[in-house]
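Working notes for the structure below.
Values quoted throughout were computed directly from the atomic coordinates according to the rules given, and no laboratory measurement underlies them. Remember, predicted model here, so these are calculated numbers, not experimental data. Cβ atoms come from the backbone with ideal geometry, glycine included; neighbour counts cover every protein chain shown.
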Amino acid sequence: MLWLILLWIAQNKFMAENGMKANSKKIRVEVVYALPQEQTLLAFEVDNSATAEEVINQSGILGLYPQIDLEQNKVGLFSKIIKLDHQVREKDRIEIYRDLIADPKEVRKKRAAEGKALKKGG
């Protein structure tokens, strides 16, 4: 019986130190979206059973950026692609990615070709 009391005390202490309430069903999450000249980060609380899609919908970011299409845009968690049904956890940051403007491989090829031309001509 004593071990149960000690466990309860330790759990409550941990939760208090980490800003959590006993029996809390809400977690803190962030949703981010970036354009070349503008970045948006929305932090709020959601139910602890929420999925990435639910978090995005609850954030209101789709109203701010109507060009976001969850059927087309990929989403991630700290730079790793996830599915919309991924269950989020405390302090997760859901990132909404947009299409690349330029293909990185093509940009490197072009830069390398320009460098070779400078060496030959210089």
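Do any GluC sites (Glu not before Pro) in segment 47-122 lie in a DSSP loop with no more than 11 other beta carbon atoms within 10 Å, and if so, which?
Counting only loop positions with at most 11 other Cβ atoms within 10 Å, the GluC sites (Glu not before Pro) in segment 47-122 are 71.
For a quick check: with amide H placed at 1.01 Å from N, whose amide H comes under 5 Å from residue 94's, ignoring anything fewer than 5 positions away on the same chain?
30, 31, 32
Amide H to amide H, which residues 5 or more places from residue 82 or on other chains are under 5 Å from it, using H placed in the peptide plane?
Distant-sequence amide H within range of residue 82: 75, 76, 77.
So which chymotrypsin sites (Phe, Trp or Tyr not before Pro) in segment 42-122 end up in coil per DSSP with only 11 or fewer other C-beta atoms within 10 Å?
Qualifying residues, ordered by number: 78.
Applying the Karplus parametrisation 6.51 cos²θ - 1.76 cosθ + 1.60 with θ = phi - 60° to the phi angles of segment 94-101, what ³J(HN,Hα) value in whole Hz is obtained for each residue in order, glycine and proline being reported as x?
Listing the rounded values in order: 8, 10, 9, 9, 10, 5, 6, 7 Hz.
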